[in-house]
Amino acid sequence: MHLCLALIASGACLRQIDRIHFARHRPRTASAAELIALQRTRANDITPLFLLAGQWAQIAGYWLLAAQGLLAATVAAVGIAVQFRHLQEISHAAVHGILARSARVNLLLAEACAHHPLGLGPVPVRRRRHVRDHHPHATLAADPNLADLDAAGLRPGTTGLRFALALVWPLTPRGIRATTAGIGVTLLRHPARGAAIAALLGASYLAGGWAGLVFGMLLPRLLLYPQLAHFSLLAEHTWFDPEHHTGTPAQVEAGRCLRLYSRNRALASLAAATWLPYGDLYHYAHSAHPAVRWSYLPALDRHLAAPHCTPAGLLLGRDTVARRHFRALAATPAAAPDGRTVRAA
């Protein structure tokens, strides 16, 4: 028990090296240009290594914890799912070229520390899909994320039980099959990723036995992490009823982005530490200025005018992301000003 706790704690400390390095002389609020200028003076290829080493040290600690009984194994499964979600967002920063200084190191770190062990596709493919296809077309028909939401069952006319199931799509039998099939297709096309996953499965078993394998790899990767990522996707945009604007990037994004927990610091801090890490809580600021590293998104968020949609919660309550999406999907599809039909695919 002492060793697993020491690994988890040491991993958290290692991660702070990158945070502290980029926090020096950081203003409380500033424009994107000011923050990017500061960011360039801090950019390096060393502190991101400590960041990722810390994430994997924590995962190893949770593998050891999983062998300490059912309750500990359950905690480990949730903890590792959170770490996988963190790795996804760190690699997202690498896709934008803002994790490390050099393009080669961004690619190498994302592939070796996230995409290979998690069975994700090649980073260049994700970069094209995300940077070229998603960012300029968020909430529009060309956005590939809308196809993902449609596959989950979030489409015009969806109501009641079907809508509820779509919110937890990765936990449903169809969602589990989709996750497993996606990993399988990736491994068939890129066998080297299979070796990385096999090594990870072996390491989890050596560290925590069958509990380490099941609660430390299978449940987090196939169920819990996909669900956290799905929640994150739901909370990024007003997918089904955006307000389309022209003007500055911030003005355009203000009509199609969400900003969760803007009035609740406790929930905002919890989300940032778990399912909306590394700046994902500030998706509006990121969408407006994708070249700003997550370290500076809170300062940028304070500088920008608030987006038009600032729900108080994700699922429960009146002012939530889920309720807004439900109302938009339940309504009769209507033609947008540009003649486009507002729909999920």
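Have a look at G212, G194 and point out the one that is closer than 27 Å to S232 by Cα, more than 21 Å from the chain's Cα centre (by Cα), modelled with pLDDT of 95 or more and assigned to a helix (DSSP H, G or I). Only one candidate passes the filter, namely G212. Residues that are modelled with pLDDT of 95 or more, in contact with a Ser or Thr (Cβ under 7 Å, 6 or more places away or on another chain) and assigned to a helix (DSSP H, G or I) occur at least once in segment 258-281. If the condition is being surrounded by 23 or more Cβ atoms within 10 Å (Cβ to Cβ) and either under 14 Å from I90 (Cβ atoms) or more than 12 Å from the chain's Cα centre (by Cα) (or both), then segment 262-276 contributes only L276.
Total residues in segment 293-326 satisfying the condition of being in contact (Cβ under 8 Å) with a residue 24 or more places away in the chain, surrounded by fewer than 16 Cβ atoms within 10 Å (Cβ to Cβ) and over 14 Å from L267 (Cα atoms): the figure is 3. P242 meets all of the listed conditions (1) crowded, with 23+ Cβ neighbours inside 10 Å; (2) out of contact with any Pro (no Cβ under 7 Å at 6 or more places or on another chain); (3) not hydroxyl-bearing (S, T, Y) but one, namely (1).
If we keep just the residues of segment 128-142 that are crowded, with 19+ Cβ neighbours inside 10 Å and at pLDDT below 95, which is nearest to the chain's Cα centre (by Cα)?
Here the answer is A138.
Checked against the criterion of being part of a helix (DSSP H, G or I), out of contact with any helix residue (DSSP H, G or I) (no Cβ under 6 Å at 6 or more places or on another chain) and within 24 Å of H286 (Cα to Cα), segment 63-83 has at least one qualifying residue.
The values are calculated or read from the model by the stated rules, or taken from the named source; none is laboratory data. Predicted model only: the values in this text are computed from it and were never measured. In this analysis, Cβ positions are derived from the backbone assuming ideal geometry, glycine residues included, and neighbour counts consider all displayed protein chains.
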